[in-house]
Amino acid sequence: MQNDVLKIGGQELASRLFLGTGKYGSNKIIPQVVEASGAQVVTVALRRVDPDQPEENIAAYVPRQCVLMPNTSGARNAKEAIRIARLAKAAGCGNWIKIEVIADNRYLLPDNYETIKATEVLAAEGFIVLPYMSPDLATAKRLADAGAAAIMPLGAPIGSNRGLKTKELIKILIEEIALPIIVDAGIGKPSEAAEAMEMGASAVLVNTAVAIANDPVAMARAFGLAVSAGRTAFLAGPGSVQEYASASSPLTGFLQD
Amino acid sequence: MRVQIKINGKTTDVPENHTLLDLITLENLNLSAIVVEHNRTIVPAPEWPAIVLQPDDAVEILTFVGGG
């Protein structure tokens, strides 16, 4: 387990939990949350400054050793995602980018076609591109060809806490795609994060489930443990599933009258 | 004379010969945490004093916020 690192964009990551920074009651809790989770990759968003309500710079709350991964949320097509990515890079956040192209306001499901287009352009510009996508094998292959550094299929709609609703499709991506598969969105409980890791996901990205917990710091710790447990179980190789019972104790030498 | 421009989508006016740096200083923003776009071109901080705002210019000033 010592050498079990996840390599993305030249970075070696010991933690397989990626953490979002949205929806916290107060940003001041973020350093503690990140520390408790063990996460080394942390997402942020880019927005217009409101001079009347100046917000604190969220990046200041993220521990320095973490990789900052801005997302392109708010983008409705590839062109807007590319614009946001370039701005984020200019803001001094490094070259990681989570591509998020959404034109559906009810389910916030990503537009896979526009996501592929944005990935092609940004990967060619030297970005480390992690596209958020609806789990689909053909799209994942195209994203890999376009130069994505990892693929981030959704488990359920963003912020829904519904768990791994797309499990079977994600499993196919894990089997067929050579890139790291990172389950992003929908994971509501540590057990679901463990489930994703047990089936071979390379990492999970969690935001809402931690941010809206009664105790985000404790929940962050729980997710860190669950991701680590799930990964260890995957590496250990789970036994096969059987229809009927198979006694664990010997069926001989019973004490009988 | 005032010069009408758009800042973050809102129409406003600034004095003549107002530079990008003047604008940003006036808004009292945390300079380390923002990125500025002038007419769709990203402008690095060292170039802010050289850009004099013209009528109908569009300026976007962005920063990082919490997100997933």
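Readers should treat all values here as calculations from the given coordinates under stated rules, not as data from a laboratory. Not measured: the values here are computed from a predicted model. Don't worry about glycine lacking a Cβ; one is built from the backbone with ideal geometry, like all the others, and counts go over all protein chains shown.
Convex hull volume of the Cα atoms in chain A, per residue, in Å³?
Cα-based convex hull of chain A, divided per residue, equals 166 Å³.
When Cβ neighbours within 10 Å are restricted to other protein chains, what is their mean count per residue of peptide B:56-64?
What the average comes to for B:56-64 is 6.
Post the alpha-carbon centroid distance, segment A:185-243 to segment B:1-38, in whole angstrom.
So the separation of the two Cα centres works out to 46 Å.
Just the number: Rg to Rh for segment A:124-178, Cα atoms, Kirkwood Rh, two decimals.
1.00
Per the helix-only calculation at 222 nm, which mean residue ellipticity applies to chain B, given -39500 (n - 2.57) for every DSSP H run of n ≥ 4 and division by its residues, nearest 500 deg cm²/dmol?
On the way: 1 runs with 7 residues, N = 68.
Result for chain B, helices only: -2500 deg cm²/dmol.
With viscosity set to 1.567 mPa s at 4 °C, what whole-number translational diffusion coefficient in µm²/s follows for segment A:165-246 from Stokes-Einstein and a Kirkwood radius over Cα pairs?
Values: Rh = 13.5 Å.
Result for D is 96 µm²/s.
How would you order A:231-240, B:51-60, A:181-190 from highest to lowest mean count of nearby Cβ atoms within 10 Å?
The most tightly packed comes first, giving A:181-190, B:51-60, A:231-240.
To check you understand DSSP bridge types, tell me what percent of the beta bridges within the protein assembly as shown (both residues inside) are antiparallel, rounded to 5. Walk me through the numbers on the way to the answer.
Numbers: 23 of 48 bridges.
Counting DSSP beta bridges with both partners in the protein assembly as shown, the antiparallel share is about 50 percent.
Could you please rank A:Phe127, A:Phe18, A:Phe223, placing first whichever residue has the fewest other Cβ atoms within 10 Å of its Cβ? Before the final figure, lay out the partial values.
Working: A:Phe127 25, A:Phe18 31, A:Phe223 28.
Going from least to most buried by this count: A:Phe127, A:Phe223, A:Phe18.
If the cut-off is a Cα-Cα distance under 14 Å, which aspartates and glutamates reach A:Lys141, setting aside same-chain residues fewer than 8 apart in sequence?
The qualifying aspartates and glutamates are A:Glu120, A:Glu175, A:Glu176.
Suppose a student asked you for the relative contact order of segment A:77-199, using Cα pairs under 8 Å spaced at least 6 residues apart; what percent would you report?
Numbers: 229 pairs, mean separation 24.7, N = 123.
About 20 percent, as a whole number.
Hey, any idea what the orientation-averaged projected area of the convex hull of segment A:1-113's Cα atoms comes to, in nm²?
Directional mean of the projected Cα hull area for segment A:1-113 stands at 8.9 nm².
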